[in-house]
1. Using a 1.4 angstrom probe on the protein heavy atoms only, could you order Tyr115, Tyr62, Tyr67 from most to least accessible area?
2. Below 8 Å, C-alpha to C-alpha, sequence gap of six or more: please give me the relative contact order for the chain in percent.
3. Starting at the first residue of the stretch 100-105, write each ³J(HN,Hα) from the Karplus equation 6.51 cos²θ - 1.76 cosθ + 1.60 with θ = phi - 60°, in whole Hz, x for Gly and Pro.
4. Ordered by residue, what ³J(HN,Hα) values in Hz, to whole numbers, does the stretch 13-27 give under the Karplus form 6.51 cos²θ - 1.76 cosθ + 1.60, where θ = phi - 60° and Gly and Pro are x?
5. Give the dimensionless ratio obtained when the Cα radius of gyration of the stretch 126-175 is divided by 2.2 N^0.38 Å.
6. Mind checking the full-extension length gain between Trp3 and Thr85? Use 0.36 nm per residue of separation minus the Cα-Cα distance, one decimal, nm.
7. Rg/Rh for the stretch 44-99 to two decimals, with Rh computed the Kirkwood way over all alpha-carbon pairs.
8. For the chain, what value does the Rg/Rh ratio take when both radii are computed over Cα atoms and Rh is the Kirkwood radius, given to two decimals?
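The values are calculated or read from the model by the stated rules, or taken from the named source; none is laboratory data. All values reported here derive from a predicted model rather than from experimental measurement. With ligands, DNA and RNA removed, areas are computed over all heavy atoms of the protein, side chains included. Shrake-Rupley method; radii C 1.70, N 1.55, O 1.52, S 1.80 Å.
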Amino acid sequence: MEWIQWFGEHFIGMFDAGGKQFMDLMTGIVPTLVVLLTFTYAMIKFIGEERVNKVIQFAAKYTLLRYTLMPILSILLLTNPMAYTFGRFLPEKQKPAFFDSLVTFFHPVTALFPYANAGELFVYLGIANGIKEAGYPISDLAVRYFLIAIVIMLLRGVITELITKYLAKRMEANS
């Protein structure tokens with residue numbers, strides 16, 4: 001009987017804790033995310049969707065831009081999971097490398113632009129809280145995350161493109 005009583009109290013307690021967490025989000029990060037997302041879509045409307053598409057088509061032609069500018073813009077403008085749609089500007093042989101560079105950037109982008117991939121925000125906030133408790137500024141961490149991610153996504157994009165080309169040639173030779 002005591003076990004049932006304990007279970008009933010703690011079962012409701014779990015939902016109480018969830019409700020408190022939800023309210024913390026609704027009064028904390030959610031309004032910021034909504035404003036950032038609204039700003040991004042307003043900028044797209046102001047600049048013009050056609051112009052944004054032209055910039056992406058231009059970037060798709062060059063390896064350096066394809067694995068840096070394209071993923072950055074796709075995540076910032078469309079957020080996760082819509083960011084994958086920028087792959088439509090690429091030939092099939094470059095899509096795996098674009099996907100690899102894009103997913104490399106999903107976590108680090110939350111440091112400066114939390115709306116872009118809110119699902120990963122808890123990871124960054126966990127690390128940021130540790131850095132803050134250690135007495136270091138969080139802004140330095142955010143900038144370092146962002147910059148090193150650009151380098152890593154370029155490397156991963158180029159390497160994945162080379163691997164894809166190698167495997168495609170190998171498959172052609174075997175057919």
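1. Solvent-accessible surface, decreasing: Tyr62, Tyr115, Tyr67.
2. 21
3. 4, 5, 5, 5, 5, 8
4. Coupling constants for the stretch 13-27: x, 4, 6, 4, 5, x, x, 5, 4, 4, 5, 4, 5, 5, 9 Hz.
5. That ratio works out to 1.97.
6. Length difference between fully extended and current span is 24.3 nm.
7. Radius of gyration relative to Kirkwood radius: 0.94.
8. Over the Cα atoms of the chain, Rg/Rh equals 1.13.
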